[in-house]
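The values are calculated or read from the model by the stated rules, or taken from the named source; none is laboratory data. This is a predicted model, so every value here is computed, not measured. Cβ placement follows ideal geometry from the backbone for every residue including glycine, while neighbour counts extend to all protein chains displayed.
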Amino acid sequence: MSFEEFGLPKEILRALEEEGYSEPTPVQRKAIPIVLAGFDLLAGSQTGTGKTAGFVLPMLCRLNVHFRGPRPVRALILTPTRELAAQVGESVATYGRHLPLKSTVIFGGVNINPQIRTLRSGVDILVATPGRLLDHVSQKTVDLSKVQILVLDEADRMLDMGFIHDIRKILALLPKDRQNLLFSATFSDEIKRLADGFLKSPKKIEVTPSNSTAESVSQTIHPVDSKRKKELLSFLIFSKKWKQILIFTRTKHGANKLAQHLVQDGIAAAAIHGNKSQSARTKALADFKEGRIQALVATDIAARGLDIEQLPHVVNYELPNVPEDYVHRIGRTGRAGCVGEAVSLVCIDEQLFLRDIEKLLKRSLTKEIVPGFEPDPRIKPEPIFQKRQNFRRR
Ligand code: AMP
């Protein structure tokens, strides 16, 4: 099927052609007609499936009617992280570049004044993180009373990051009569409650079945002693000639230490996490995308929403203590039909995390001991002192 069949305006088709998109992805095939028809939508879909265009294209089409008077914000897209907000904002600008619609992105950690000026000049589509949006609300520098379309992107992650109260405050500021779209990679009871609370008879679509991992990702567990993980990682990178690797650690400190170790081993690496400034994170991501950095070490929160096309390798240097994060992490590879490889280095202390992940996936993962890195059977497991979901439910 082609994009023409949706009846999108020629300005959008032109932008898609310039982007080299020849046909819609599965999530786009399902979502675009629903959104165009004005229905609410509950979509199970991960980053990398083309979900952004799945809501942005029909949104642009619905907003593309002449609006009399000053431009109010008519579409609001909420995202959990700055990076994702920036990426979604770029998509809106790209797909809408031949349309007379204005969009902007607002997030925290940067000066608020330029944002105020842009909002004052009139914006049709606003992409925002919840905290900074509420700052604008309290300063009365944004008016949300004319919003016709609301998108919650990566809603599961927004809840994980403790944004539920902010989301509820924002929902209360919007007109009752509006279209709501909710995208989420996983569906916990909390997401279902949120969705039930504000979606009106939503159409439901699911692209990758929730809580399952993309078929195109090969997943391997390498059992190894915790003190030999660094050595094994460098060995794998060299012996397998991996060129672009996203590596996950559980903590910010762990990310820093590992990046330093890789650099000592002659691997160009950088860490990306919440303690780094926005400009440092943006630079590390750009260096990684352009190949100046071979290995990017990230925590779950920092990696969320990173748009890196066709990432071939994801390494779980440490397993996440929240099993859904495993699904998110490996969703970074095997994108858009490419086969990806997800490798997890698992020590004896992480057996419980592994068991929870396998329970969520409803299958056991292949275990492969790398010769020379056999775990020492004399080592006894020790508990990992990180309270489960310690910062998730605030
Ligand atoms: P997303 O899941 O929205 O983050 O999109 C993942 C990547 O797929 C982005 O880099 C998009 O530019 C790209 N993409 C989205 N739709 C298409 C399409 N129909 N054809 C080719 N690439 C696409």
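In the set (1) within 9 Å of the ligand (Cβ to nearest atom); (2) modelled with pLDDT of 90 or more; (3) out of contact with any Gly (no Cβ under 8 Å at 6 or more places or on another chain), the condition left unmet by LEU13 is number (1).
Being within 16 Å of the chain's Cα centre (by Cα) and either over 20 Å from VAL35 (Cβ atoms) or among the basic types (Lys, Arg) (or both) holds for only one residue in ALA155, ALA86, ALA172, and it is ALA86. Does the range 50-57 include one or more residues that are away from the ligand (no atom under 12 Å from the Cβ) and of a type in the set (Val, Ile, Thr)? No, the range 50-57 contains no residue that is away from the ligand (no atom under 12 Å from the Cβ) and of a type in the set (Val, Ile, Thr).
Filtering the range 58-74 to residues that are of a type outside the set (A, V, I, L, M), part of a loop (DSSP other than H, G, I, E, B) and either touching a strand residue (DSSP E or B) at 6+ places or on another chain (Cβ under 8 Å) or within 16 Å of the ligand (Cβ to nearest atom) (or both) leaves only ARG74. Restricting ILE272, ILE237, ILE221 to residues that are buried (at least 22 other Cβ atoms within 10 Å of the Cβ), in contact (Cβ under 8 Å) with a residue 40 or more places away in the chain and either basic (Lys, Arg) or under 30 Å from GLY44 (Cα atoms) (or both) narrows the list to ILE221.
At pLDDT 95 or above and either within 30 Å of ALA269 (Cα to Cα) or in contact with a Ser or Thr (Cβ under 9 Å, 6 or more places away or on another chain) (or both), is that true of ASP156? So ASP156 fails the test.
On the stretch given as the range 16-39, residues that are within 11 Å of the ligand (Cβ to nearest atom), closer than 25 Å to SER201 by Cα and not in a helix (DSSP H, G or I) total 1. Here THR94 meets the list (1) out of contact with any Asp or Glu (no Cβ under 7 Å at 6 or more places or on another chain); (2) modelled with pLDDT of 95 or more; (3) β-branched (Val, Ile, Thr) almost entirely, failing just condition (1).
Would you say LEU42 is in contact with a Ser or Thr (Cβ under 9 Å, 6 or more places away or on another chain), in contact (Cβ under 8 Å) with a residue 40 or more places away in the chain and more than 14 Å from the ligand (Cβ to nearest atom)? Yes. There is no residue in the range 290-312 that is outside any helix (DSSP H, G or I), modelled with pLDDT of 95 or more and charged (D, E, K, R). The residues of the range 45-83 that are free of Cβ contacts under 8 Å to residues at least 12 places away in the same chain and over 17 Å from GLN179 (Cβ atoms), listed by number, are HIS66, ARG68, GLY69. Summed over the range 1-10, the residues that are surrounded by fewer than 16 Cβ atoms within 10 Å (Cβ to Cβ) and within 15 Å of the ligand (Cβ to nearest atom) give a count of 4. Scanning the range 199-212 for residues that are in contact with a helix residue (DSSP H, G or I) (Cβ under 6 Å, 6 or more places away or on another chain) and surrounded by fewer than 21 Cβ atoms within 10 Å (Cβ to Cβ), we see that the one that is modelled with the lowest pLDDT is ASN211.
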